[in-house]
Structure formats: C-alpha cells, structure tokens
Amino acid sequence: MSFKKAKVQELLEILVVAAKDVAVQPTNWETWSIAASAFKRLFFAQDDEHAAAEDWRLKVKAWGQNEVARTPWDERLCWLHGQARTLTLALKLHLETELRREVEAFAASSASAAGEPSVAADPVQRRRLKWCRWLAQHWLAKTLDLLQLTRCRVKALSRGSLWVGKHEGGRKQDDKGVTEEHVWLTRQCDALARQLLWFLAQCTDMGPELKGTMQILQRGADSWPQPAFGKPWLAVSGAGKLFPSLMEFKAKGGGGGGAQVPQLLWFVPYIAARCQWQLAAVGLADLSIEDMLEMLDDACTVESWIRRANVDAAAQLAGGVAQRKKQVVEPHWRMVVTRLNIVLQMPEKWQIASKHTFHATPGSGAQVFMDCLKALDFLQTLDTYYKAKLVFRRARQAEAEGELEDAVKQVEMLFVYPKDFPQQGAGKVGIGLYRVSDGGAGKTENPQVDPWLESKLQLRSHNCARARIMFFILDLYRRILEDVMPITVVNAVRWEMHESEMLPPLPSPNAEAKVGADLKTAAKSIMSLSDNLPRGWEALRSMIGFLVSLTRGLHNNQANSFWLAFHEAFGRALRQAFAVLVRAGYAKGAKKPSFDWSLLAMLRCYWFSLEGNRQTSAKDLAELRKMVAGCYIAAAEQVRMHAAVRQPATPTAKATAALGGANGAALTQKLKRGVEAAEAFYQAILPHMPSGVLRGMWGSSDEAAPPPQPKQPPATAVAATKAAVLAAAAAGAVAGVTAAAASFGSGRTSSGTAVAAAKAPGTEAIMLVDSDVEDEK
C-alpha cells in the first residue's frame, strides 16, 4: 500500500480504521505495519509544516550573538515521531525474531533430513523459504523506515538547522558544537545502516557487487552489527548450502519481466559510509578511512548496475527499445567530495584518496586535488542540482585560502538575477540551489521507495542546505569587515545594536571647506580615495555591493519566514558596515574618509531602495530610514571635506527628489536638510568623475531617486469606503426607481428620466473606487 500521495485527512482515517482492527485482532501485524507507515507519512507532513513555520529570525539573532538557536519540535511533532518510531521499532524487532525462528527451524529440519534435500523438491521447505523471504522484505522496509525517522531527528539537531554557536545551556558540547544527543543519534543511524549493509551483502544476491563491503566483513565480521537472524542464516546459506539468498534483486533487473530495481541498494552503503565519516569527525568511528571509501565505491558500483539493469527492464516493457536512464549523481559526488576532504583536512593521507581516481592515477596530493576538481566539474554537468553545490564548495575553499574577494564572487554566482535587474525585478532574485522534486520516482512503498529522494523532498532538508549558504555569506561578511576595518571601530557597532545607537552624534554640515577647489580637481581627489587601500578592501567593496543587490532583489514576504529573516539580516549587515565606515572616518588619527566614490554610490542606492519597503513595521522602518539617512549625510560630508568642495548654496530639484515619498516623511527637519545637502553635493560632483558611471547589480552611480510610492490605506479604511459606496449606490438606485415609477404613472416616459435614473448618485463612485462592486450587488 502506498501512502506517498495520501493527504492528512486520509491518513487520519487510515489510523482510525487500523485502531479498530487491532482492537479486535491485536496480533494482526499487517495492520500494525499499515499504522506505522501512516504515522511516518503523517510525521513527514507535519514536519514540513513545522519547518515552514520556523522563525528564522531567532536563528539569525543567535548567529549575531554567537549562541545556539534551537527550534524545538512542538508536542504534536514529538508525539507523531515517537508513535512512528516506536511502532516501526516494534515491528522491526518482531519481524527479526520471526525470521530468526524460521531460519533456525529451517536449519533444524535440514539437519534431520538425510543428505542435502533440494528446496525445490520439498514443498514444506518451499513454503518456509517463501515465508522467510516475505519476512525479510518487510524487515528491510521497516529498518529503512526506522533509519529515516532517526535521520529526521539528526537533521533537526544539525548545524544547518541549529546554527550552533558557543554554548547551549544544559547540554555538553564539544569544540565543534555537536551535542551528545546528535552524536548518539548518529551512532544509532550508523548501527541501522550497517545492519542493512550486512543484510544486502550476506542475505541477498548483491554480494558480488559489494566487493569492498565483503572484504571489510571478512576482516571484522564479529564486530559488525548484525540482525538477530544473522548467525542462524549464515549456517544455512552460502556456497554448497540449501539456498543462497533471502532476497533476489538481480532477477528483477532485465530478467524479471521488466521489474525495476529499487534505488535503496546504493543508498545503504552510501549512508553507512556517511555515518562513519560523521563519527570520525568526533573520534568515534569504528572503521578506517579506507573502509569508508570502499563502501562509497560500492555505492557507486551498485548505482551504475541499477541504472543498466533498469534500462534493460524498461527495454523489455518497451518491446526491446532501450531508454536511457538518468544517472543518480549523489553517490559519485559524495565519493569525490570525501576524497577532496581527505586531501584538504589530512594532507598526509593523500595516498588513500588516490586509490579511487577519476582520471589517471595521481602521484601527489596536489594531483589528487586537481583530479577531484575535474571530477566535480564533470558531475555537475550531469545534474543541475549540483552546480550550486560546486560553486558553494569553491567559495568555501577560496575563503579557507584567504582569497576573500574570490569567495564573494563565487557565492554571488549562487544567485539568479533578472535580466533587467536592478532597474526592474525587485524581489525576483532567487538562489540557484533549488528544492529536489519527485520526478515520478518513489511512488511505491518501501522497499521500492528511494530513501535519498524521500529525505531530500523534506522542507527541513532544503532549508538546512539554503541556510548553510546564507550563514556562510554572513560569516564571510563578518570576516572581511574585521580584517579590513579597525577592530575597535567594529566592536563599537555590535550586531544587536538598535539602529539609533549605531551612529555617533553627527557634526553639523560645514558650509565652507578649507579650500574651495573646482569640481574637476575635487573629482580627481575623490577618485584618489581608492588608492593605497589596505589589503582586503576590494573584498569589502564587493561584499557591500553584493549585500545591496540582495536587499534589493530578495523577496521579503511576511509569509515566508526564511527569506524574511535573511532579508533583514543582510540589511542589518549593510547598516552595520556603513556605520563602521562612518565611525572610521571620524576616528582619531583618520587621514581620509573610509568611503570612496563606489561605496558612497552603493550607500545612496541602498537609501533609495528603502522607498518601496512595506514589509517592515512602520516604527522600525522609520528608525531604519533615519539611520541610513544619517550614514549618507555623514559619508557625503566626509568625502566633500576631503575634496575641499564648497557646499552648493541651493539644493537642486534632483536633490529635493531624494526626499520624496516615505523616505523623506520619516526624517526630521534636520535630517531632511542634511540629505538635501548630501544629494546636492553628489549631483554637483557626479558629471566630473573620471570613472564615468559605475554600474553593478547593486545599481548605478547615476541612479535617479525612485518616485514616491502610492499610499495604501489600512484595511479598515478600505472596508469603510466600500460600505459607504454600496450605501450610496443603494440610495441612488431607490431614488431612480421612484422617479421612473412616477414618470410611468403620469404617462411621461422620456429618455431624460431614464438617463437621470442611470446617473443616480453614487454610480460614478462605484466605477472609480472598486470594479468588483458590480458583482457584490
């Protein structure tokens, strides 16, 4: 039975019927199995809702304060997870016990029989074998379900979900911020995954395809986790025994009437290797790195075999016409990434990573590194899902090597901008890491379901992948700011500060500079601000421009807590950076402003982008506009004084336009005069800049002030207006009908009366105010 497309109401009805059935027949294990699957699917549905409702602003706030923001599961989600896990675990143990009993009975009957009787010739043994295979199939399904449920809890505690900081009260943590519960759950996943891997290698016909795993089992079979039926099965299986396998998968691929081989076969060695790698990070791995690579190599081999087998199976159904199957990239990608991590994190062990090469056998760690990069570059061409993952890895590598400007350029490639951006397309910038879609796969219940696809379809998994990129951007911003700017100034503008506290008291604009330089000379002096800058300044300029483009392009819909939180975070990062630049210009011993021409243009574009912001609350938005206006005033004044330019006496029309709309309405008279003075200076010096017009995704240096946005009356005012219009329309209609009736009674039916009725009071207002009133009438 499949639950994949079942809705919540249908799942609840299934549970009601199952509860009635087990009340009558408590030993009906099939009903218990259906209930467990329904609870699992119901948990997945509720987990998606919980992930969609998470307040990511708390996690961003925790990042700013270097703390842990754990969003706990609510009682409903905990209860569903507990029910699904308990039922699945009980069924797994029951099936395991039954299978052990049947295998032992099979061994006992075989030992009492004379010689080695053939299973095909003994009907009792045939029935017992059929029953054992049924139990094995369902044991495999429930063990996979239990593994998936445990991994859901691991994801809820992962770094991408929690964004772990320094300390979480009440829980012991190691230096990497991994909780004891997270480690314990990872060990549970590892035990389940290795039990499944043992089952595939020893109890099915997949042993020849799992060569690496078979070698590992031969070296340490006693310490390997086994199911309860493991030892009895080994006594009756293998070469020269009664029958070789509990499940047969090779008979399906190309030889079983076109049956498709399930994707779970490559997933089992893949997830076992991943669990061991995660445990190795905390020093708790049971296997060596060589063994982990061998299991990943088995996953790649099995995936290739599955693809070929399913092509043959599809050809049988299509009458001999083979259809090419899309390659599953994940095991191959994980193999190359693991090799790359070995070279980067353990350079002395590069020879281990050189055993599984993509091209020729490398002879050094550098050659292994290049081989991995070539392999990743090839794999991302097979599936667009991995393009963003490759770019993100390059960005992290550049950041680790200290190439911060290159890291900014790489991470900027993760976002997709409209062609006409930023002139148009505000709120339409998206991230290239899309959510994996079901493409028709995994429509049947375990063991046919694709466990990896089932995991990636969860919203929590997608949010964790996106959050890693977003927090990396914030971490990169923080590192660049601290590397370039004086640390005392950076510490003075803390992340959690209110906007009104970020800027120091601004001095009054000085109308007269020390020397009244002409505009062309002043423009050259302003351009010289970009000379002899400290190392990393280009990275800071690139990061600020990137953040401006994100605040202008990302949609900040209140209904999407994820994008709303990071839109606010990027805006706060911008304001903190601009405040630090302003403070650095006023710092004791500062010889020149920290703002150059491009940074001043970016600040001006950010000020303009606040005009259309309607998602932030009115009170917060007013404070935000005041703070950005103060930054613009101070930055322009610092640059003007450096260039020794006299302040233009009369603000131009363009300078006055910068105060149009909601931006200007939020400012005090002092700030308005300051913005007018800053914009007048900017417009005066702009035509003389030798660099011409600067352009980028952040905007342009000659960008015009946006037109004021039309005011949107509150919903209560709109409702009152509609009510008044409807009342006027009703009164007008009554007056028209009365006049027409009087005219008819007196025998006067001129067209003038009809026109008067048609133009009854309120009818014009209906057409002008709301086009839907006609339907409401």
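The residues in the stretch 529-573 that are of a type outside the set (A, V, I, L, M, F, W, C), over 15 Å from TYR477 (Cα atoms) and in a helix (DSSP H, G or I) can be counted, and the count is 4.
Return the residue satisfying two criteria in turn: it lies in the stretch 338-379 and is outside any helix (DSSP H, G or I) and β-branched (Val, Ile, Thr), and of such residues it is surrounded by the fewest Cβ atoms within 10 Å (Cβ to Cβ). Reasoning before the result, please.
Kept after step one, since they are outside any helix (DSSP H, G or I), are these residues of the stretch 338-379: 346, 354-364.
Narrowing the set further to residues that are β-branched (Val, Ile, Thr) leaves 357, 361.
Values: THR357: 17, THR361: 10.
Among residues in the stretch 338-379 that are outside any helix (DSSP H, G or I) and β-branched (Val, Ile, Thr), the one surrounded by the fewest Cβ atoms within 10 Å (Cβ to Cβ) is THR361.
Of the residues LEU157, LEU129, only one is modelled with pLDDT of 80 or more and either open to solvent by less than 20 Å² (accessible area, probe 1.4 Å) or under 18 Å from GLU96 (Cβ atoms) (or both); which?
Numbers: LEU157 fails: modelled with pLDDT of 80 or more.
Sole residue among the options that is modelled with pLDDT of 80 or more and either open to solvent by less than 20 Å² (accessible area, probe 1.4 Å) or under 18 Å from GLU96 (Cβ atoms) (or both): LEU129.
Residues that are in contact with a strand residue (DSSP E or B) (Cβ under 9 Å, 6 or more places away or on another chain) and at pLDDT 85 or above number at least 1 in the following helices (runs of 4 or more DSSP H) confined to the stretch 207-310: 264-280.
Take the residues of the stretch 582-600 that are of a type in the set (Gly, Ala, Ser) and at pLDDT below 90: which is least open to solvent (accessible area, probe 1.4 Å)?
Keep residues of the stretch 582-600 that are of a type in the set (Gly, Ala, Ser), which gives 584-585, 587, 589-590, 594, 598.
Now narrow it down to the ones that are at pLDDT below 90: 585, 587, 589-590.
Working: GLY585: 21, ALA587: 39, GLY589: 68, ALA590: 48 Å².
Among those that are of a type in the set (Gly, Ala, Ser) and at pLDDT below 90, it is GLY585.
Filtering the stretch 19-72 to residues that are open to solvent by 60 Å² or more (accessible area, probe 1.4 Å), in contact (Cβ under 8 Å) with a residue 60 or more places away in the chain and either outside any helix (DSSP H, G or I) or basic (Lys, Arg) (or both) leaves ARG57, LYS61, GLN65, ASN66, GLU67, ARG70. Annotation note: Cβ proximity below 8 Å between a residue of the stretch 223-237 that is closer than 17 Å to HIS138 by Cβ and a residue that is part of a loop (DSSP other than H, G, I, E, B) and of a type outside the set (Ser, Thr, Tyr) (sequence gap 6+ or interchain) occurs for TRP233/LEU246. Listed here are the helices (runs of 4 or more DSSP H) enclosed by the stretch 380-478 that have at least 1 residues being modelled with pLDDT of 90 or more and surrounded by fewer than 19 Cβ atoms within 10 Å (Cβ to Cβ): 385-400, 404-412.
In the stretch 523-549, the residues that are in contact (Cβ under 8 Å) with a residue 24 or more places away in the chain and open to solvent by 10 Å² or more (accessible area, probe 1.4 Å) reach residues that are outside any loop (DSSP other than H, G, I, E, B) and among the basic types (Lys, Arg) with C-beta atoms within less than 7 angstrom, at least six apart or across chains, in these pairs: SER542/LYS409. Select from the stretch 486-503 the residues that are open to solvent by 10 Å² or more (accessible area, probe 1.4 Å), outside any helix (DSSP H, G or I) and not acidic (Asp, Glu) and list them in ascending order. Of everything in the stretch 486-503, those that are open to solvent by 10 Å² or more (accessible area, probe 1.4 Å), outside any helix (DSSP H, G or I) and not acidic (Asp, Glu) turn out to be PRO486, ARG494, TRP495, MET497, HIS498, LEU503.
The values are calculated or read from the model by the stated rules, or taken from the named source; none is laboratory data. As the structure is a prediction and not an experimental result, all values here were calculated from the model. All Cβ positions, even for glycine, are placed from backbone atoms using ideal geometry, and neighbour counts span all protein chains on display. Just so you know, the surface numbers come from the protein's heavy atoms only, side chains and all, with ligands and any DNA or RNA stripped out. Shrake-Rupley method; radii C 1.70, N 1.55, O 1.52, S 1.80 Å.
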